[in-house]
Each structure stands twice: as C-alpha cells, then as structure tokens.
Amino acid sequence: MNLNACQITAFSLPSGGTGPILIPAPKAIQAGRAFALLAALFLFAFGLAVVLLALDQQRVVDATSRLQDQTVPEIIRFQRLARNLEQLRQEGERIFAVSSQASRQQSMFVVTLIASHPSILEHPGAARLARETEQFLSEVVRQASADDRRPATRYDEWQRIAARLGMQVDDVSVQGINLANSDLNVATTAMRLARYKLMTALVLVGVFLVVFMVLVRRHLIHPLQRINQSLSTLSADRPAPEFGPSTMLEICAVEDSVREHHALLIQNEETRQVLEKLANKDGLTGLMNRRHFMQSAEVELQRAQRYRRPVTVAMADLDLFKKLNDTYGHAAGDAVLRAFADLVRDTLRQSDFVCRYGGEEFAFLFPEIGPAETEKLAERLRARCDAMDVALPDGRSVKATVSIGLADASECPIEIALKRADEALYEAKRLGRNRVVVSSSSAAKIDGEPDTLTGSLF
Amino acid sequence: MSRAALLLLLWCALPASPGSAVLAADRPALRVLVLDNAPPMSFRDEFGQLTGFSVEVARAVCSEMRVNCAFDVVTQSALLPAISQGKADIAAVGLLATTERRAKMLFAKPYYRSMSLWLARPGIVPGQAGVRVAAVGGSVQEAYGRKQGWEMNAVATHGELAEPLISGQAQAVLVPMISALNLQKVVAFRKLGLATTVIHAAELSGDAAFGISPFRPELLKEINAALDRIKRNGTYDRINSRFLPFRVS
C-alpha cells in the first residue's frame, strides 16, 4: 500500500519498546487556498470594522450638522431672549432712574413691546415674568404721573422683580447652552466608539500579521528550510531524508519529490557501479580488463616510484593454449581461462593487480615487493596451475601450465617494465614453458639488493 | 526663477474662487427695493445715505451672497406691484407673509418678528364708531382696517404717520411695532399721551420677511442661506443693536 507521507506519519515511541506507530496526520490543504481563506477572513473583519467606523463618523457628521443647522440657531434664539429680558430690566431701572415722565413713558412703551413680542411669549416662564413686570411698571408709571415721588417708594419691590429677571436671564442662557449638550454627547459617544473600533481594527491587523507570520513560518519557511537542508546533504550513501508532518500540499509534493530524488540517486549509483564493472572487468574471467589495468597500474607505479617503494610487474601466458582450443574447443579454452583466473584470485594478494591482457595472456603488478619476492609468488602460482585439473562441461578434464616473466618496475615506466616482463615471458617459453623467468635487468638487482621488505609474506 | 514666474502667471490667470472676498464684478447686480421714510427700518441718515435695520440686513445679505446690490427707493404702495411684476429682485422690507401676498411673490426666511399696535387716546378702542384710523397705504394694517370696516386715513410713508393724529385728522393709528417705536420719538406725538394696545390678529403679527420676485426663484435658497449665516456670525445682532432697543428676531 502506497501511503502519502503527508497523510500518514510514522514515529517511534520514546520508550522504543513497541516500534513505529502509524497515526493519521491532519488532512493536507493547499497553501494558496489556506492563505486566501485567511486573507478573506481578515478582509471581512477589517471591512466590518471600517464600515462600523464609517457609521460612527456619519453619526458625528450628522450630530455636527444638526448642531450647526438647528441647535446653534436655537441657542442664538435663547441668547436673544435673554438679551430682551435684560433689556426689560434695564428699561425698568430707567423708569425708576429718570425724572422725566416722557422718558418714563418711552421706556414703558419699550417694556410693552418687549413683553408682547413673540420671542418672549413663546417662552412660558419668560412670558409670565415679562407680563408681571409690565403690569408692575405700568402701575409705577401711572402713579408717577400723579406723584413724582411715588416711584421711589416701590423701588424695593422693583429690586425683587429685577433680581428675578436677572435669574431668568441666567436660566434662559444656560437653557440655551444646554441644547448643545445632547448633540455634543452624541458626537463624543460616537467618537469614543470610533476610537475603540479603530483600536480594535489596529489590533486585528496586528493579530492577523502575527498569525500570518507564524503560519508562514511554521508551514512554509520551516518546511522549506528542512527541504533545503535535506537537499544539501542528499546522497546515495545516506538514508532517505525524514520530514515531519506537513499540512501544505505543496510542501508535501516537494518532500515527495526529494524522496523520489533520493531513490533515483541510489538507483543511479547502482547503475553506475554495474556500468563501471562492465567497463573495467573482463567479461569472461572477471579480472580487470587491459584498459583499467593500465590506468590503475600507472597510478600505483607512480605512487611506488614517488615513495621509492619496490614494485614488480609480470606477464603470464597459458602454454599451448591454441592447441588446447583446437583440441577441446573454445568452450574448453574459456573454462581453462576462468579456472586460471580463479586460481590467480586465490593465490595472489588482495593488493596485487591482475588483468586479462589479451587472449590467454595476463598482466600483473605487485606493489611493495621486488622481483625476488615476486618470483616466489609467481612460482607458487605456476605450481598450483601445473597441479590444477580443469573440469570441462562435457565431463572431461584438462591440465594447463603457465609461463611467467617478471620485471622490476621501480625505476621505469609501466610500458618499459611490461616490455621487459614480456621478454622474460618469451624467455620462459623458449626455455621450455611452465616456468618463471625474471627479466635480466631485474636479475642483477636480485643478486645485489636482496628484498627484505616482504620476506615474511611467504 | 522662471518656474516661479510661470506659477505666478497661472495663479493670476485663475478666475477668482467662490470664497474670494472680492465681489464678483461680472455678476449682474440685484435690484433691491427699500423704503426711505420708515425709520428705524429704512431711512436716510444725516449724510443722505440709505440706512436702517432692513437696509443694513439687506446689505449684509448681499455681502454674504457676494453680489452687487442696487438699492431703489419706493413707497409702500408701489413696493408690492414692483416685486410681483418682476421689476425688482428683492423687497428689503419687513413684509408679513399673508396669503394674498404669497400668491404674488416669494418670501425669504423671516428676519424679524413683528406685531401691530393700536395707538389712541385712552378710552378709544379698536372698532369704535367715528374713529379715523391712520395707517400706511398698501400695508397689512391698512388692509386689516378696511376689512374691519374702519374709517381709514392712509398716508404714503411711515414717517408721515404722526401727522394725522397731531392735526386731529385721525384719532388712532394702526402701525407695525417698529414704526411705533419711531413715533414715540416725535415729541408732539408723545405729548398726545396715547395708550398702546397690542392687536392680536393673526394677519397683523408674525414673521416679517423680504419679498422676492417670483421671476427669480433661484434667489430664495441663496438669500435664506445668507440670512442663516449672518444670524450665526453675529452680523445680524450687531445691526439689531444699532437700530432697535431689543432683539426682534
């Protein structure tokens, strides 16, 4: 069953006793949709706050318009009423102050007009007091026309009426001013509400930004960082990367791609190894092919010469192989070649290089040992070959021998060394086959410089 | 430097904005009708210049509207026909908006509230037989008296109202409140010792407003807005204090 890593998450319990447990992860969603939903929610909430703010602002505009168009004219009307009441009081004072009856009558006329004026009559309290004042002053003026000293006697009475007029002026003034309170209260309340809503909207914006950043960080940035880290260390040598549960489909897709990429890397590595094997090995014997041997031997030879270490090369050729082929067939020849290759692998050291040089010819490179030690090793190989019976597919068995030529390679290029070994091989063939011959250029060295480094190997 | 000069030229080329304090010279003047013998509402001062409560309110309204106003003097009886026929734009006189008048002209918002007074010797009451009542010809007071069947003595201007009583041609006078204020300043009139009675008839009291030509309905809104502004900004109250002893609005 193919399970999506984003839908099923595996992890081990801390105790580690019961092994991995599968639990369903939250259902994955598309990042675009998730953030679009979040943005839509925010827009709705912010839009609502803006609409509410606009409504409050409209209330303030309405209240101020009402204040200007209705309340202020009304306040001015109250002020004019207060002014008329004050004028009434002043005309009364004038009636008591002047000595001329004509002036008194003139003031009385104004008092009559004020007391009868619609601006006074429409205010019940002011109208009552104005009428009372008019009657009192009218009586005073009438009495004064008869006796000039009479007004003074009623001045105390007038003082009380004048005081009431003064208080009425105050009341009317305050009454007028208070008319503005209602509109101002509405505007103030709306402004206060607007301030709260504005703060709420700002907090909303802040919370949204924080939530947005947290979600982006948690569901996008962190997974991307994990993916980046996994990609930077992704290798066929390492295990497949492990990702935590992710809720974003896009992240899941990238994580799956990384896993697929890792699997592909491993597959490629396996393929590479197979191809390398095919490119470097001889198909029949499984030994190195000539090209790979020459590359490897060249590197090893340079290393040995740089550190002045002993190194020896050899050429080997199966004796009378053509005759064997002609007698038993190519399948028998192939079987002998494979058997010899197995014998070589079994006899030589791990560090020795050997390849099928061509046909029934083999090339060798022996690091860290000189021709003398190599000769012993080669001799052992020759002897084991001589003793070997090769079973053929048809049930028969054949025997094969090998001739080997050795040459010191510690002071010459690989080609020269191999040429010398090849000459030694021909010498072995010439001397009767099934033997090991050390190149003459190496023989002198055997006598003069005994190889002590690898003496313990045999 | 050249950029600043260009900006200056552009600024100069711009037409004066509506908010400019400069009156629009190219805007046609409004023809305003006023009375010249109705103190303290409308009269000529010692220099012969027209002034008075109604005249100054009209000037303030024209200033608020930023229009040029040309003042023409007419009599009360000639006032209403001139407005109703469209010979003038505004009648800057405190007119009571009677039904008959409303049919002939438009009325702005009221600029003061008025009432009518009966001034007569003590004992002479309205409607008394054998009493001749003086009033300004063409006024609501004259119309009211005639409607009541009173014997009326019409004069041409408010300034002439005292004469019939002083000479004995009339025994009572029916006048608007503010005209009565002016009559009280005439010594000979005051010496008559007249008693004051407020006539509480609906057609004789109430809101007084400027008349507007029925051919200029677009002026109504502008004039009303200008009146509202001068009532709010204190201009109206200063005019009130200058000409009248108490607030008449």
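The values are calculated or read from the model by the stated rules, or taken from the named source; none is laboratory data. Worth saying up front: this structure is predicted, and the values here are computed from it rather than measured. Glycine also receives a Cβ, built like all others from the backbone with ideal geometry; neighbour counts cover every protein chain displayed.
Looking at the stretch A:350-363, I want the residues that are more than 15 Å from A:Val402 (Cα to Cα) and free of Cβ contacts under 8 Å to residues at least 60 places away in the same chain and have a partner that is surrounded by 16 or more Cβ atoms within 10 Å (Cβ to Cβ) and aromatic (Phe, Trp, Tyr) with Cβ atoms under 6 Å, at least 6 apart or on another chain. Which pairs are those?
Pairs that qualify, where the first residue is more than 15 Å from A:Val402 (Cα to Cα) and free of Cβ contacts under 8 Å to residues at least 60 places away in the same chain and the partner is surrounded by 16 or more Cβ atoms within 10 Å (Cβ to Cβ) and aromatic (Phe, Trp, Tyr), are A:Asp352/A:Phe366.
Conditions tested, residue by residue: (1) modelled with pLDDT under 90; (2) within 14 Å of another protein chain (Cβ to nearest Cβ).
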| position | (1), (2) |
| --- | --- |
| B:Gly145 | no, no |
| B:Val155 | no, no |
| B:His158 | yes, no |
| B:Pro164 | no, no |
| B:Val173 | no, yes |
| B:Pro176 | no, yes |
| B:Ser179 | yes, yes |
| B:Leu192 | yes, yes |
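Which condition number does B:Ala16 fail, the rest of (1) outside any strand (DSSP E or B); (2) at negative phi; (3) modelled with pLDDT of 90 or more; (4) surrounded by 13 or more Cβ atoms within 10 Å (Cβ to Cβ) being met?
(3)
Select from the stretch A:80-103 the residues that are surrounded by 14 or more Cβ atoms within 10 Å (Cβ to Cβ) and more than 11 Å from every other protein chain (Cβ to nearest Cβ) and write down the one among them that is farthest from the chain's Cα centre (by Cα).
Ranking the qualifying residues of the stretch A:80-103, first place goes to A:Val98.
Considering each of A:Asp156, A:Asp183 in turn, give the residue that is part of a helix (DSSP H, G or I), within 30 Å of A:Leu55 (Cα to Cα) and of a type outside the set (Phe, Trp, Tyr).
Within the list A:Asp156, A:Asp183, the selection yields A:Asp183.
Taking the condition away from chain A (no Cβ under 14 Å), surrounded by 20 or more Cβ atoms within 10 Å (Cβ to Cβ) and hydrophobic (A, V, I, L, M, F, W, C), does B:Ala91 pass?
Yes, satisfied.
Residue-wise test of (1) in a helix (DSSP H, G or I); (2) buried (at least 19 other Cβ atoms within 10 Å of the Cβ).
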site	(1), (2)
A:Asn325	yes, no
A:Ala332	yes, yes
A:Leu337	yes, yes
A:Phe340	yes, yes
A:Asp346	yes, no
A:Ser351	no, no
A:Val354	no, yes
A:Ala363	no, yes
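When B:Arg247 is evaluated against the numbered criteria (1) closer than 17 Å to B:Leu95 by Cβ; (2) at pLDDT 90 or above; (3) within 13 Å of chain A (Cβ to nearest Cβ), which criterion, by number, is the only one it fails?
So B:Arg247 meets the others, but not (1).
Which of the residues spanning the stretch A:107-128 are facing chain B (nearest Cβ under 9 Å), without any contact (Cβ under 8 Å) to a residue 12 or more places away in the chain and in contact with a helix residue (DSSP H, G or I) (Cβ under 7 Å, 6 or more places away or on another chain)?
If the condition is that a residue be facing chain B (nearest Cβ under 9 Å), without any contact (Cβ under 8 Å) to a residue 12 or more places away in the chain and in contact with a helix residue (DSSP H, G or I) (Cβ under 7 Å, 6 or more places away or on another chain), then A:Leu113 is the only one that fits.
Please verify whether A:Ala253 is touching a helix residue (DSSP H, G or I) at 6+ places or on another chain (Cβ under 9 Å) and either outside any helix (DSSP H, G or I) or of a type in the set (A, V, I, L, M) (or both), treating the condition exactly as stated.
no
Taking the conditions exactly as written (at pLDDT 85 or above, basic (Lys, Arg), crowded, with 19+ Cβ neighbours inside 10 Å and in contact with a Ser or Thr (Cβ under 8 Å, 6 or more places away or on another chain)), does A:Arg77 satisfy them or not? Spell out how you get there, then give the answer.
Details: at pLDDT 85 or above: yes; basic (Lys, Arg): yes; crowded, with 19+ Cβ neighbours inside 10 Å: yes; in contact with a Ser or Thr (Cβ under 8 Å, 6 or more places away or on another chain): yes.
Yes: the conditions hold for A:Arg77.
For B:Ala170, all conditions in the list (1) in a helix (DSSP H, G or I); (2) more than 26 Å from B:Arg102 (Cα to Cα); (3) in contact with a helix residue (DSSP H, G or I) (Cβ under 6 Å, 6 or more places away or on another chain) hold save one; what is the number of the exception?
(1) is the only condition that B:Ala170 fails.
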